[in-house]
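Here the structure comes first, spelled out in structure tokens, and everything after it is commentary.
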Amino acid sequence: MSPKVILVTGANRGIGFCIVQALAQRAPEHTYLLGTRSTFAGEEAVIKLKELGITSYLEVVQLNITDDTQIAAAVSTISNKFGRLDSTHQPIALMNIVLINNAAIGQNPKQDNSDLRAVYDRVFDANITSVAVVKNAFMPLLKKSEDARVINISSGRASVSLQISGQNPPTASISYSISKTALNILTLEMAKLEKDVLYHVASPGYCKTAFNGFRGLKDPLDGAKVAVELAVSERNKYRSGFWQFENEEMSEVPW
Ligand SMILES: NC(=O)c1ccc[n+]([C@@H]2O[C@H](COP(=O)([O-])OP(=O)(O)OC[C@H]3O[C@@H](n4cnc5c(N)ncnc54)[C@H](OP(=O)(O)O)[C@@H]3O)[C@@H](O)[C@H]2O)c1
């Protein structure tokens, strides 16, 4: 298998951390970049991964996905380290880039809704706009990869079909659920524009993380499995789609 550079945003904790852990356990030959807002939290995560027996090359990249300056700096760092520039200074990736957009937030407005606009703006900025901006910034590197993949971590909450059929109970956060539906459509539109890049959305399931006050039912390591399959399986194994890993197998989530 050709070597990959796999960048996971929000990798310092929760499902993002587990995606790096599970990927590095399955495919230690690849390079793992932990995109984290706080480099201290990132370095702590690296220490923890090493304590868990991870031997892969790990590196922290400071990446607040809502900060354009940090996004540009991260692209530049990764290009310089893992790509080489051609005569027009376009990066030529030496390794295949996999971008896993995992970082996201869920917030609710105050009871009187006085901060409704601010909450929606923050949630949409982190969960939709920033995914588009990060992907766009990494596009030159992705385009030079022979096996470029973008995996957007979504949610069963995003499914319009599950919503209409009543299988999704009322959400804990409307802005969050809407943002994941938009992320799904964003991914479909991206896939139409860049046919050489393999795009997926992944539903990790209801996992025990800080995101839901650790009330989730799944171990986040199990939640990571869908992203692991999509990131390192043979390119033609899974068509571009909305995937989950449940009952020990991959299946498509209804859009
Ligand atoms: N947990 C679930 O049951 C569940 C279910 C379906 C989908 N998901 C999805 O799975 C993904 C991970 O969720 P989780 O449960 O692991 O959440 P989590 O425990 O709250 O972790 C979120 C991660 O995202 C990072 N993050 C938030 N805003 C960021 C920003 N602006 N820039 C960079 N990083 C940022 C956080 O970094 P800091 O430490 O700096 O805050 C943290 O590393 C999300 O996309 C979520 O929507 C989760």
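Taking every DSSP bridge with both residues inside the chain, close to 20 percent are antiparallel. Measuring between alpha carbons in the structure, the pairs from K4/K237; K4/K143; K110/K218; K180/K237; K135/K218 lying more than 19 angstrom apart are K110/K218; K180/K237; K135/K218.
Beta bridges per DSSP, both residues in the range 154-253: antiparallel share near 50 percent. Taking R0 as 30 Å, what's the FRET efficiency between E51 and L193 from their Cβ-Cβ distance, rounded to 0.05? The formula returns an efficiency of 0.15 here. Overall, the range 4-252 carries a charge dipole of about 60 debye about its Cα centre when +1 sits on the Cβ of Lys and Arg and -1 on the Cβ of Asp and Glu, all other atoms neutral.
Let me see the pair-distance distribution of the chain: every alpha carbon pair, 5 Å bin width, integer percents in order. Values per bin, smallest distances first: 1, 6, 14, 18, 21, 18, 12, 6, 3, 1, 0, 0. To the nearest 0.05, how large is the calculated FRET efficiency for E234 and A118 if R₀ is 30 Å and r is the Cβ-Cβ distance? Efficiency at R0 = 30 Å is approximately 0.10.
Projected onto planes of every orientation and averaged, the convex hull of the alpha-carbon atoms in the range 94-134 covers 3.2 nm². Subtracting the Cα-Cα distance of T129 and Q25 from their residue separation scaled by 0.36 nm leaves 34.3 nm.
Rg/Rh for the range 213-255 to two decimals, with Rh computed the Kirkwood way over all alpha-carbon pairs.
On the Cα set of the range 213-255, Rg over Rh gives 1.01.
Per residue, the Cα convex hull of the range 117-255 amounts to 121 Å³.
The base-10 log of I(q)/I(0) for the range 155-215, evaluated at q = 0.19, 0.21, 0.24 Å⁻¹, reads -0.79, -0.90, -1.05 [Debye formula, identical scatterers on Cα atoms, solvent excluded]. Placing one equal scatterer on every Cα of the range 27-174 and applying the Debye formula, the log10 ratio I(q)/I(0) at q = 0.15, 0.17, 0.19 Å⁻¹ is -0.92, -1.08, -1.21.
Each helix, a run of at least 4 DSSP H residues, gives -39500 (n - 2.57); summed and divided by the residues of the chain, these come to -12000 deg cm²/dmol at 222 nm. List the relative contact order of the range 4-252 as a percent without decimals, with contacts defined as Cα pairs under 8 Å and 6+ residues apart. Computed value for the range 4-252: 19 percent relative contact order. Using R0 = 35 Å, the C-beta based FRET efficiency linking E248 and E146 works out to 0.70.
Every read-out reported here was derived from the displayed coordinates using simple, explicitly stated rules and does not represent laboratory data. Given the structure is predicted, the values throughout are model-derived calculations rather than measurements. Glycine gets a Cβ as well: all are built from the backbone with ideal geometry, and neighbour counts include every protein chain shown.
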